[in-house]
Amino acid sequence: MAERFLRVITDWIRYWPVPEADTEVEQRLSMNEKGQVWISRYRYGEKTEKHPLAEKEVLRISEKEAEEILNLAEVLADSEKDFEAMDAGRWNLSVRNETGMEKTKSGSFLFGQEESIRTLCAAIRAAVGKEDLFLLDGGE
């Protein structure tokens with residue numbers, strides 16, 4: 001039996017305007033079914049293709065909260081809805097279930113997104129105590 005796992009990678013870079021140096025532009029959040037959470041934040045690196053790491057944290061949430069978040073993420077990953085837009089930040093969601101099957105979904109930050117995205121983002125922010133995460137809604 002595989003460990004359930006979630007990864008969200010968000011990139012706030014758009015076509016215009018170009019971010020100021022040292023502006024936070026990318027976040028990565030990973031979480032497992034045991035409630036271990038890893039958050040990495042990256043800032044804009046003007047002259048490099050890879051954004052420099054600004055901060056890295058390891059947190060723990062309850063297994064009950066982790067299970068709720070993983071369940072919400074699996075429902076979203078199974079959705080057939082399209083979450084794409086032009087000139088908006090992007091997100092990539094990857095969820096692995098207990099059988100080891102990995103599902104992925106990607107989209108753009110669309111403010112006022114559907115309920116499943118708002119619910120998942122709210123659950124993650126509440127569990128980790130971080131309101132400033134971009135997640136799937138851009139920090140709406």
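Each value in this text was obtained by applying a stated rule to the coordinates, not by laboratory testing. Remember, predicted model here, so these are calculated numbers, not experimental data. Cβ placement follows ideal geometry from the backbone for every residue including glycine, while neighbour counts extend to all protein chains displayed.
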- [ ] Using per-residue counts of other Cβ atoms within 10 Å, averaged over each peptide, order 50-58, 120-128 from highest down.
- [x] 120-128, 50-58
- [ ] Go ahead and estimate [θ] at 222 nm for the chain from helices alone: -39,500 (n - 2.57) per DSSP H run with n ≥ 4, summed, over the residue count, rounded to 500.
- [x] -7000 deg cm²/dmol
- [ ] Sticking to Cα atoms, compute the Rg of the range 5-128 to one decimal and its Dmax as the biggest Cα-Cα distance, whole number, in Å.
- [x] 15.0, 43
Task: Net dipole in debye of the range 5-128 [+1 Lys, Arg Cβ; -1 Asp, Glu Cβ; about Cα centre; nearest 20] - done: 320 debye
Task: Residue exposure sequence - 94, 79 - by fewest surrounding Cβ within 10 Å - done: 79, 94
